[in-house]
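Student: Submitted below is the structure of interest, expressed as structure tokens.
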Amino acid sequence: MGRFLVILCLLCGGAAYAGEAPLTPREKALLEMVQKLEARVTELEQRLDAQPQSESSASLNDRQEQKQLEVRVEKLEEEVKKEVPASNQLTAYWKKGLRLESEDKAFSLRVGGRIQTDWAFFDQERSLRRVFGNEDDGTEFRRVRVNLQGTLYKDFLYRVEYDVAGDDSDPNLKDVYVALRNLPYVGKLQVGHFREAMGLERLTSSSYAMFMERALPNALLPGRNMGVQLSDAPCGGRLTWALGLFKEVDDFPSDDDSDSDQGYSVTGRITGLPWYAEEGRKLLHLGASYSHRNSDGAKVRYRSRPESHLAMNYLDTSRYPGFTLLDARADDMDLYGLELALLYGPFSLQSEYMSSHVDTTFNGDLHFDGYYVQAGYFLTGEHQPYKKAGAVFNRVQPNANFSLTGERGWGAWQLALRYSNMDLDAGLVRGGSEEDVTVGLNWHLNSDFRVMLNYVMADIEHDLYSGSVNTLQTRFQVDF
């Protein structure tokens, strides 16, 4: 009865996997036939065991019948296997993370992770040292994350990402959402905690960014919040749009996120690819985003480090004695963003402008803004992959992985240069202004492992202090 049990498990397992669905008439008929054949085979085996050692003509007939029945059972087993849905059979393999996937791709699970270890060395001007104290050299785990994501029944998506190296030294949930795709006219519906759709560099994963830290003006843009978002990528991905309603909870959801002081926002982004050639090796990306935020008296604060996470916040709208952006009390805010990116083989150019208009109770309409321009070039001939679905940049694939044995290779090498600027002075609020120039070198040993080297030259101006901070920093990163 071993074969029958295997077949029964396959069919019952298939029914359970599909949500306890009952057996179809076809499956019931196959089971009944297999049961009868197995019973006949068992009867013949018992008769043969009872026969003496010398085979009679009757036993020969029994053996022939047994062989015929076994052939029929094998054929029926093949038919039963075909009746079992392909979605019940999950295949495990490695592709930028551990993946489990059904043959028809209706069900999938990917287990991924990210480790970023940073080291930074500072040269701080004496005028800044007198105000802020000494900028000490240091090291940290910038990000240590584990994520699970996949599909259910083809059209349902999910993602859970957990960071154990958060800014407050406590573990935090990052992207946590569910989504339904392939909806008529609107594409995808996403609900949960995720990034609001603003900014090319902001939405591109830190694992694929050209520099260790995002440019200065990203401090003006929102991060992750709780929300509901519709998005789509029509025209073969040459056009994308996203529109969402969000509740302000910041990057780290907590118990006080229902506080009435935290307002709501409506955020949208649209991008286009007027030029797309050689499967994305050459392209022109244009984009714009907007967010209206009902702060409702919330504590709005802008601050920024000189593009090094281990450095101090030299720009801060809440530092100036006597009157700060917190004192001004923000009522409504409007955020604007413009994006441009050009890829031409190994060369890339990217620029964004970002601004924030804050309507306050005690200081009128305040305006803060910033921009950056950056360029990169792969010395080894690769290009920065572009993901149409989200209109963001993706993982670099070296032409030859680094290896000192077998077929030798040196990975992908990229030179990078960036200029960024941000002004946080407006009205009575004096947050300061800053200009940064960053030179970078990226070594992608393979698609999962990268070493980064950045030298940041920051020039800081404030009503109370001014000076420069130079930073040499490096990152060792594994991402899968």
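Coordinate-derived values only; no laboratory data. Just so it is clear, the structure is predicted and the values come from calculations on it, not from any experiment. When we count neighbours, we look across all protein chains shown, and the Cβ atoms used for this are built from the backbone with ideal geometry, even at glycine.
Student: Which Cα, out of T438, L428, P398, lies furthest along the positive dipole direction of the stretch 387-455 (beta carbon charges, K/R +1, D/E -1)?
Tutor: The listed residue farthest towards the positive side: P398.
Student: How much length is gained on full extension from K105 to D332, taking 0.36 nm per residue of separation minus their Cα-Cα distance? Intermediate results must be reported in sequence, preceding the final value.
Tutor: Values: separation 227, 0.36 × 227 = 81.72 nm, distance 4.50 nm.
Here the segment from K105 to D332 would lengthen by 77.2 nm.
Student: Here is a follow-up. Calculate the length of the line joining the C-alpha centroid of the stretch 335-401 to that of the stretch 272-294, in whole Å.
Tutor: The two parts, judged by their Cα centres, are 10 Å apart.
Student: Then there is this: Which whole-number percent gives the relative contact order of the stretch 103-176, counting Cα pairs below 8 Å spaced six or more residues apart? Show your work: numbers first, answer last.
Tutor: Values: 130 pairs, mean separation 22.7, N = 74.
With pairs under 8 Å counted, the relative contact order is 31 percent.
Student: What ranking, highest mean first, results for peptides 115-123, 128-136, 101-109 when packing means the other Cβ atoms within 10 Å averaged over each residue?
Tutor: Details: 115-123: 17.9, 128-136: 14.1, 101-109: 16.0.
The most tightly packed comes first, giving 115-123, 101-109, 128-136.
Student: Work from the charge dipole of the stretch 163-231 (Cβ charges, +1 for Lys and Arg, -1 for Asp and Glu, about the Cα centre) and give the residue of M198, N218, L180 farthest towards its positive end.
Tutor: Of the candidates, L180 comes out farthest on the positive side.
Student: Return the equivalent ellipsoid semi-axes of the stretch 332-412 as a descending list in whole Å, where each equals the square root of 5 times an eigenvalue of the C-alpha gyration tensor. If you can, show how the numbers build up before the last one.
Tutor: Details: eigenvalues 345, 28, 26 Å².
Largest first, the stretch 332-412 gives 42, 12, 11 Å.
Student: Listed here are the pairs K154/K247; K174/K247; K95/K388; K96/K174; K154/K387; which of them are more than 22 Å apart at the Cα? Numbers along the way, then the final one.
Tutor: Details: K154/K247 29 Å; K174/K247 15 Å; K95/K388 20 Å; K96/K174 20 Å; K154/K387 20 Å.
Flagged as over cut-off: K154/K247.
Student: Among 353-360, 323-330, what's the highest-first ranking by average C-beta atoms within 10 angstrom per residue? Walk me through the numbers before you get to the answer.
Tutor: Details: 353-360: 20.5, 323-330: 19.0.
Put in order of decreasing packing, that is 353-360, 323-330.
Student: Run the quick spin-label model on N470 and K247: label points 7 Å from Cα toward the beta carbon, then report their separation in nm to one decimal.
Tutor: For N470 paired with K247, the spin-label model returns 5.0 nm.
Student: Then there's this: Once label points are set 7 Å from the Cα along Cα→Cβ at both Y185 and C235, what is their separation, rounded to one decimal in nm?
Tutor: 2.1
Student: Same structure, new question: Would you be so kind as to identify which of G376, L338, L325 lies farthest towards the positive end of the dipole of the stretch 315-380, taking Lys and Arg as +1 and Asp and Glu as -1 on Cβ and the Cα centre as origin?
Tutor: The one lying farthest along the dipole's positive direction is G376.
Student: What length, rounded to one decimal in nm, is gained on full extension from F132 through to N61, with 0.36 nm per residue of separation minus their alpha-carbon distance? Walk me through the numbers before you get to the answer.
Tutor: On the way: separation 71, 0.36 × 71 = 25.56 nm, distance 9.90 nm.
Using 0.36 nm per residue and subtracting the Cα-Cα distance, I get 15.7 nm.
Student: Right, another one. Treating only the Cβ of Lys, Arg, Asp and Glu as charged (+1, +1, -1, -1), what charge dipole size does the stretch 140-232 show about its Cα centre? Round to the nearest 20 debye.
Tutor: On the way: 12 positive and 12 negative charges, 67 e Å.
About 320 debye.
Student: Moving on to the next point. Calculate how large, on average over all directions, the projected area of the Cα convex hull of the stretch 152-205 is; give the answer in nm² to one decimal. If you can, show how the numbers build up before the last one.
Tutor: Values: hull surface 19.8 nm².
Here the figure is 5.0 nm², rounded to one decimal.
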